[in-house]
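Participant: Structure incoming, see below.
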Amino acid sequence: MASVLPYQFEPESDPESDNGADGANDERDVSRRLDQDVSLWCTCGNCATMPSEVENVCCREITKVVRRMSQVPIPIMCMTEHPGLEPVCLNPYSLQNIYNIYKYDYGPVRHRTEEERLRHLAYRSFVSWCWGYLGPSRRVIIPSCVVQRIRQQFPSGDYIGFRPPID
């Protein structure tokens with residue numbers, strides 16, 4: 001009987017990454033952004049103040065997101081303008097397909113509503129699209145503008161926000 005190898009069907013990291021740097025921990029100063037006007041740190045024009053300091057980051061501050069934005073032939077100012085965002089992260093039919101794969105690998109997503117489940121899958125899809133596979137217990141911050149766009153597409157009254165991994 002063959003043994004099961006963990007993570008054998010997970011996508012590999014992006015081969016275009018630079019010198020092994022995964023861009024998951026981009027250097028940026030996000031201190032005191034809760035107290036500042038959003039226009040002082042947002043350069044795309046679509047961000048909103050998030051509940052914690054670490055979540056207050058613009059799409060143009062994250063290397064992997066900027067790299068994905070630069071793949072569009074016409075320059076865009078914000079990741080929410082990327083033509084790939086809708087089919088990859090906002091289309092409920094694509095997210096249903098992603099859910100089938102996720103459910104097979106990890107079991108069902110436990111959320112109270114359909115919107116919460118789709119929003120969770122949209123966040124995961126965005127991270128996978130920009131960073132590739134990160135591995136267990138690795139998390140990255142999603143830009144405020146993208147979080148706002150996903151929440152607009154899949155609204156509910158309950159938003160959890162970023163939670164660091166538990167070691």
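No value in this document is a laboratory result; all are computed from the given coordinates. These figures come from a predicted structure and were not determined experimentally. Don't worry about glycine lacking a Cβ; one is built from the backbone with ideal geometry, like all the others, and counts go over all protein chains shown.
Participant: Output the number of the condition that Ile101 fails; it satisfies all remaining conditions of (1) among the hydrophobic types (A, V, I, L, M, F, W, C); (2) under 18 Å from Ile150 (Cβ atoms); (3) not in a loop (DSSP other than H, G, I, E, B).
Facilitator: (2)
Participant: Scan the range 29-70 for residues that are surrounded by fewer than 15 Cβ atoms within 10 Å (Cβ to Cβ) and within 15 Å of Glu81 (Cα to Cα) and jot them down.
Facilitator: Selection gives Thr43, Gly45, Ser70.
Participant: How many of the residues making up the range 70-98 are in contact with a Phe, Trp or Tyr (Cβ under 8 Å, 6 or more places away or on another chain) and assigned to a loop (DSSP other than H, G, I, E, B)?
Facilitator: Summing the residues that are in contact with a Phe, Trp or Tyr (Cβ under 8 Å, 6 or more places away or on another chain) and assigned to a loop (DSSP other than H, G, I, E, B) in the range 70-98 gives 1.
Participant: Considering only the range 120-156, state which residues are more than 23 Å from Arg60 (Cβ to Cβ) and either assigned to a helix (DSSP H, G or I) or not polar (S, T, N, Q) (or both). Break it down into steps so the answer makes sense when it comes.
Facilitator: Residues of the range 120-156 that are more than 23 Å from Arg60 (Cβ to Cβ), as a first pass: 120-121, 133, 135-137, 154-156.
Result: His120, Leu121, Tyr133, Gly135, Pro136, Phe154, Pro155.
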